[in-house]
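J.: Got a structure for you, written out below as C-alpha cells; questions coming shortly.
The values are calculated or read from the model by the stated rules, or taken from the named source; none is laboratory data. These numbers were taken from a predicted model, which means no experiment stands behind them. When we count neighbours, we look across all protein chains shown, and the Cβ atoms used for this are built from the backbone with ideal geometry, even at glycine.
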Amino acid sequence: MATATNEPRYNDRIRAREVRLIDAQGSQLGIKTLPEALELAKQSDLDLVEVAPLAVPPVCRIMDYGKFRYEEAQKAKESRKKTTQVTIKEVKLRPKIGKGDFDTKVRHMHDFLEDGHKVKVTLQFRGREMAHPELGSRLLDNVIEQLGEGVRVETQARLEGRNMTMVLSSDKKVVKKADEKPAVKPSEKPKVIAEAVPVPAAITPEVEVSVTESGEVHAENEN
C-alpha cells in the first residue's frame, strides 16, 4: 500500500520480500528479491520505486525518484489548469438603477459568463417598491436582452422575500457567426473590338531606265 501522503514507497521503504522488477529502460527483469532489486538500482545510481503496490508481487521500477516526483507534480499542475471551477457570481440590482450603473452591471455579468461562471442576478426591493414586482421582471428581462442570445436562463426569475432572483449561465451551443458580406464581382471591363482598317496598296512609281553610250545608267520617274 502507498504511504499516508499517497506517495509511492521507494528504496528501503518498500516492504515486500519479492518484487517484479522493471529497469530504467522499461525492460522487465522478472521477479527479484528485494535485496537483489535494491542492489541493481544502486549499481545504476538510481532509486527503486514501487509503482504498482497492489500487484502480486508489487511492481517496482528503477528510476530517478526526484525526477519522477517532479514530473508527477507537473502533470498534476497541468490537470488542475484544465479543470474549470464553476462558481456562482452574484450581481445585485435595484429597480430604480440608472442607465450607467445598469450598463456597468451587465458588462460584469458578461465577463463572468465568458469566464465560465454562473451569474445570480438579485433584484432588491425596498418599501413601496414591493407593490410593483412587474417592474423587477421587466428589468430582469432587459438584462437577458442586453446579454444577447449567448446566455441561458438556468433558474427563472422568482420572488424570495424582498428579493427577486434568477440564475444565468453561458450557452455554449450558441455560436455567433460572423457577418458574411456578399462577394463583390469585379466590374467587367468593356471589350474593345478593333475594326480592321483597310491599308491602301503601295503605289510603285514607274521608272524609265536608260543607258548612255558611255555605259552610265539613268533612272527617271515618269510620274
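J.: Since K177 meets every condition but one in (1) at pLDDT below 50; (2) surrounded by 10 or more Cβ atoms within 10 Å (Cβ to Cβ), which condition does it not meet?
T.: Failing condition for K177: (2).
J.: Next question, about the same structure. Residue check: is V56 touching a Phe, Trp or Tyr at 6+ places or on another chain (Cβ under 8 Å) and not in a helix (DSSP H, G or I)? If you could, list the steps in order and put the result at the bottom.
T.: Values: touching a Phe, Trp or Tyr at 6+ places or on another chain (Cβ under 8 Å): no; not in a helix (DSSP H, G or I): yes.
No, not satisfied.
J.: Got a number for residues in the range 69-101 being in contact (Cβ under 8 Å) with a residue 40 or more places away in the chain and of a type in the set (A, V, I, L, M, F, W, C)?
T.: 3
J.: Does the range 99-131 hold any residues that are on the phi > 0 side of the Ramachandran plot and either assigned to a helix (DSSP H, G or I) or surrounded by 15 or more Cβ atoms within 10 Å (Cβ to Cβ) (or both), and which are they?
T.: Step one: list which residues in the range 99-131 are on the phi > 0 side of the Ramachandran plot, which gives 116, 127.
Once the filter is applied, which keeps residues that are on the phi > 0 side of the Ramachandran plot and either assigned to a helix (DSSP H, G or I) or surrounded by 15 or more Cβ atoms within 10 Å (Cβ to Cβ) (or both), the range 99-131 yields only G127.
J.: Let me ask something else. Search the range 43-59 for residues that are closer than 16 Å to G30 by Cβ and touching a residue at least 12 places away in the same chain (Cβ under 8 Å) and pair each with any residue that is of a type outside the set (F, W, Y) and not in a strand (DSSP E or B) when their beta-carbon atoms are under 6 Å apart and the residues are at least 6 apart or on different chains.
T.: L48/N11; L48/A37; L48/L38; L48/A41; P57/A16; P58/A16
J.: Additional query: Output the residue which, of all residues in the range 99-131 that are farther than 18 Å from D141 by Cβ and hydrophobic (A, V, I, L, M, F, W, C), is nearest to the chain's Cα centre (by Cα).
T.: F112
J.: In the range 132-165, how many residues are part of a helix (DSSP H, G or I), surrounded by 15 or more Cβ atoms within 10 Å (Cβ to Cβ) and under 28 Å from the mean Cα position of the chain (by Cα)?
T.: 4
J.: Can you pull out every residue in the range 12-39 that is surrounded by 12 or more Cβ atoms within 10 Å (Cβ to Cβ), part of a helix (DSSP H, G or I) and not acidic (D, E)?
T.: Of everything in the range 12-39, those that are surrounded by 12 or more Cβ atoms within 10 Å (Cβ to Cβ), part of a helix (DSSP H, G or I) and not acidic (D, E) turn out to be R13, L34, A37, L38.
J.: Go through (1) assigned to a helix (DSSP H, G or I); (2) of a type in the set (D, E); (3) surrounded by 14 or more Cβ atoms within 10 Å (Cβ to Cβ) for E71 and report which single condition fails.
T.: (3)
J.: Right, next: Can you go through K81, K89, K96 and tell me which one is among the basic types (K, R), within 30 Å of T155 (Cβ to Cβ) and crowded, with 16+ Cβ neighbours inside 10 Å?
T.: Being among the basic types (K, R), within 30 Å of T155 (Cβ to Cβ) and crowded, with 16+ Cβ neighbours inside 10 Å holds for just one of K81, K89, K96, which is K89.
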